[in-house]
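Before any comments, here is the structure.
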Amino acid sequence: MQTTILFSIIGLLYLNSAAFAKLDMAPPNFTINKGQGNAVFVDFTSADYEITYDVKKATTTVISKIHFTNEERGFPIFDLVEKPMRVVIDGKSTDSQIIEAPRSGEDELIEFRIVSEPIDPGNHLLVIEHQIKSTQYSKGGVNSGFFMSDIGSRALLERYLPCNFEYDQLSMRFMIKVIGATEEEVIFTNGKLKQEGNNLWSIAFPNYFNQSSVYFHIREKAGTDILHFEHRSIDDRNMPITIYKTSRGDMEEYKNLTVKTLSKFENLFGAFPHPTLTIYIGGNGGGMEYSGATVTDAWALPHELAHSFFGRGVMPANGNAGWIDEAMATLVGGPYAADPNDIRAMNMSNHSVYYRDNDSNGYTYGMNFLAFLGIQFSKKNNALNMNGFLKTWMEIADHHVTTVQMLQNNLENYSQLDLNSLFQKYVFGKSKIINKFNLPNPHMKIDDETLTQIQ
């Protein structure tokens, strides 16, 4: 009874953090331009992206309209890898620039983009126009995917669109327009897709999404093998599933593995936490997760489906929390087996507060650490185990962002154990061992060559 009450309280804290305190999870603002002002993190309240593909000109132009609030005067922080052609803040033309975050320890260079105009606290409208350079055009059509990676910095949605950071959840809407296409196009997405006209579509994404959630892929329908079916979820809904790939062949292998894995995870952790599931078999040796979607190969599919629960169901609020979902997804979905006897004192969460990478030790030592904790829980009470914790955590934290401290608090409330010394040693330690096992990473790194292959 005591554990149930404590988890109910933590659940209320998750609800409050998502609804009222997004900026409480943002990193600290910091001084730039030799003391001329502060770079300030902001709260995006909505983002509308008008994306135009011009087949004859082979150009992809995006006009973004972003409503946001800030609590302190300063230069608003956001990110976009491509340099904008036009920046307008509250009707005033300005510019943007790349800045460096304050350095901490051995962490590498961390960059953000800011609006070059300082603004007062309040509600604001930011309009940005830019072009996406990675689109592939043929004589009659377009192939464009917003494929992301958590291997390396600045490789999530900011690779394609101006966006905020993982702590921020918001409503996003795409308006997709294709000009001059003679080939039929098809769109795959984890948002709500609506045909608005000839070669004109809108996509509305759920308001719990953040910069790592969105899945979008438009490509020529010819040469795309598509399978649609439904899965009877544990909550009695018929969940639409789409599996597609760019090569012909039997899709039953992927369908059977998907249904088998979903049934296993739903029995362990509850109903699949998203309205639909989209799977692109094109992982180029690995995969990447989105909220209710994945790019993957068959060997990594269970790992990537686990991420729709852990990582894109309960989502990391920052880079220091990035190891959590990799540890959980690998523990329950492979492709490696946990060794609870092999845990190491190391730094997985003691990076800079501005850290934007994903500590690769989560796949191995992070997974082993969770397995070790599960054994300690069972020693205290044989009714407790790590799968039991993960099920309860999904019930209270699904569709919210989390920090390492929130994870520790939840683990302690579930087990009634003091885990502080263990976290200080095995999570916030000083040693830095990078993927010592030299195992293949279930995730793929997105570079220009990979984009060419999978779009």
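Couple of notes before you dig in:
- For the chain, hydrophobic long helices are taken as DSSP H runs at least 20 Å long by C-alpha position along their axis with mean Kyte-Doolittle hydropathy of 0.0 or more; these are 2-20, 365-380.
- Part-to-part distance (alpha-carbon centres) for the range 230-293 and the range 115-134, which is given in Å: 36
- Beta bridge orientation in the range 223-309: antiparallel %, DSSP, nearest 5: 60
- Spin-label model, Ser378/Asn207: points 7 Å from Cα along the beta carbon direction are separated by 4.2 nm.
- FRET efficiency estimate (nearest 0.05) - Cβ-Cβ, Thr31 to Glu111, R0 25 angstrom: 0.95
- Placing +1 on the Cβ of every Lys and Arg and -1 on the Cβ of every Asp and Glu, with no other charges, gives the range 47-107 a dipole of roughly 420 debye about its Cα centre.
- Scanning residues 5 or more positions from Thr59 or on other chains, those with amide H under 5 Å from its amide H are Asp54, with H placed 1.01 Å from N in the peptide plane.
- Length-normalised contact order for the chain - Cα pairs under 8 Å, 6+ apart - percent: 15
- Working from label points 7 Å from Cα in the Cα-to-Cβ sense, the Gln131 to Gln424 distance is 5.6 nm.
- Listed residue pairs exceeding 23 Å between alpha carbons, taken from Lys260/Lys391; Lys34/Lys133; Lys22/Lys177; Lys83/Lys245; Lys139/Lys221: Lys34/Lys133; Lys22/Lys177; Lys83/Lys245
Read-outs throughout are calculated quantities, based only on the coordinates presented, and are distinct from any laboratory measurement. Bear in mind that the values here come from a model prediction, so they are computed numbers and not experimental data. Positions of Cβ are generated from backbone atoms using ideal geometry, with glycine treated the same way; all protein chains shown enter the neighbour counts.
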